[in-house]
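The values are calculated or read from the model by the stated rules, or taken from the named source; none is laboratory data. Keep in mind it's a predicted model, so treat the numbers as computed, not measured. Positions of Cβ are backbone-derived with ideal geometry, glycine not excepted, and every protein chain shown enters the neighbour counts. Heads up: the accessible areas ignore ligands, DNA and RNA and are worked out on the full protein's heavy atoms, side chains in. Shrake-Rupley method; radii C 1.70, N 1.55, O 1.52, S 1.80 Å.
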Amino acid sequence: MIKDKFNEMLALPNDSKQKTIFVALAACLVCSVLVSFAAVALKPMQEANKAFDKKRNILQIAGLMEEGKSVDELFKQIEPRVVNVETGEYVDDVDAATYDQRKASNDPAQNVLISADNDIAGIKRRAKYASVYLVKDGDAVKSYILPIKGYGLWSTLYGFIALEADAKTVVGLGYYEHAETPGLGGEVDNPGWKAKWIGKQVYGPDNQVMIDVVKGAVDPASKTAIYEVDGLSGATLTSVGVENMLHYWLGEQGFTTYLNKVRATGGES
């Protein structure tokens, strides 16, 4: 019956409205089936590429990328862990290799609402658990890589900050996703600007977050220069966004409790 109806429609004149609508609907159906099939078939490849890109970004920010070396091989020196942000303790009943913090931050069962007074990063909610990455040399921790995110001018910026074993000194900072203006806020991707973060101190003498993105250039003679990084020229709001997200994630609402614990225990929370 369906075949007869199909043949009947094809037999109609080409200028028939019925045939035109039929052909258009048939084309839409075929295209939707092909798109759905492609999405399902390509999903494993997309997930693998996503995981690979994440590893590559982590290695780059930690200063561990080596030309000619395999990303997977280099990543063996990094131990993923999951941390309870509130307590600063490691969560051992969650698979750190597959835990998706970004997905958890959008799940009401796995996130917490941030009050307006505390939401300086403009993210509204954060996951209860966070992924952290430990760069290991045998049993010793060489550095900690922490995820950060926050709102800039046009978009939420997603990235990582790497700290030395003292959990205070910056090894590197970088973003793997954002939609800031190229040439302005998009300069967060500029290697020259990212290099300015290396060696900066996050915390002051009283363990308060001191890292700042200043307007203009840092005065090398200033007593606070060790905590300061040059602002992005023509991108004040993006610069403020970077500073705010660092103060959030490295402060009491973020990783302070965890970092205090690892400093006190020499690497184990």
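Test Lys149 against the stated conditions and say whether it is farther than 18 Å from Gly88 by Cα, of a type in the set (D, E, K, R) and either open to solvent by less than 50 Å² (accessible area, probe 1.4 Å) or in contact with a Pro (Cβ under 9 Å, 6 or more places away or on another chain) (or both).
Judged against the criteria, Lys149 is a match.
Being surrounded by 18 or more Cβ atoms within 10 Å (Cβ to Cβ) and under 18 Å from the mean Cα position of the chain (by Cα) is a description that applies to Tyr175.
Any chance region 205-220 includes a residue that's part of a loop (DSSP other than H, G, I, E, B), in contact with a Leu (Cβ under 6 Å, 6 or more places away or on another chain), open to solvent by 20 Å² or more (accessible area, probe 1.4 Å) and touching a residue at least 24 places away in the same chain (Cβ under 8 Å)?
No, every residue in region 205-220 fails to be part of a loop (DSSP other than H, G, I, E, B), in contact with a Leu (Cβ under 6 Å, 6 or more places away or on another chain), open to solvent by 20 Å² or more (accessible area, probe 1.4 Å) and touching a residue at least 24 places away in the same chain (Cβ under 8 Å).
The requirement of being open to solvent by 10 Å² or more (accessible area, probe 1.4 Å), outside any strand (DSSP E or B), of a type outside the set (Phe, Trp, Tyr) and touching a strand residue (DSSP E or B) at 6+ places or on another chain (Cβ under 7 Å) is not satisfied by Ala116. Could you tell me how many of the residues in region 94-113 are open to solvent by less than 60 Å² (accessible area, probe 1.4 Å) and touching a Pro at 6+ places or on another chain (Cβ under 9 Å)? Residues that pass the stated criteria total 3.
The number of residues in region 230-256 that are within 18 Å of Gly88 (Cβ to Cβ) and in contact with a Phe, Trp or Tyr (Cβ under 7 Å, 6 or more places away or on another chain) comes to 3.
The condition (being open to solvent by 90 Å² or more (accessible area, probe 1.4 Å) and in contact (Cβ under 8 Å) with a residue 24 or more places away in the chain) is satisfied by just one residue among Glu86, Glu73, Glu79: Glu86.
Restricting Gly186, Gly199, Gly234 to residues that are closer than 23 Å to Gly122 by Cα and in a loop (DSSP other than H, G, I, E, B) narrows the list to Gly234. Among the numbered conditions (1) surrounded by fewer than 22 Cβ atoms within 10 Å (Cβ to Cβ); (2) under 16 Å from Leu259 (Cα atoms), the only one that Lys124 does not meet is (2). All of (1) farther than 22 Å from Pro147 by Cβ; (2) open to solvent by 70 Å² or more (accessible area, probe 1.4 Å) hold for Lys196 with one exception: (1).
The residue that is nearest to Asn118 (Cα to Cα), among those in region 135-156 that are part of a strand (DSSP E or B) and among the small types (Gly, Ala, Ser), is Gly150.
Would you mind stating whether Ile114 is farther than 23 Å from Tyr151 by Cα, among the hydrophobic types (A, V, I, L, M, F, W, C) and at pLDDT 90 or above?
no
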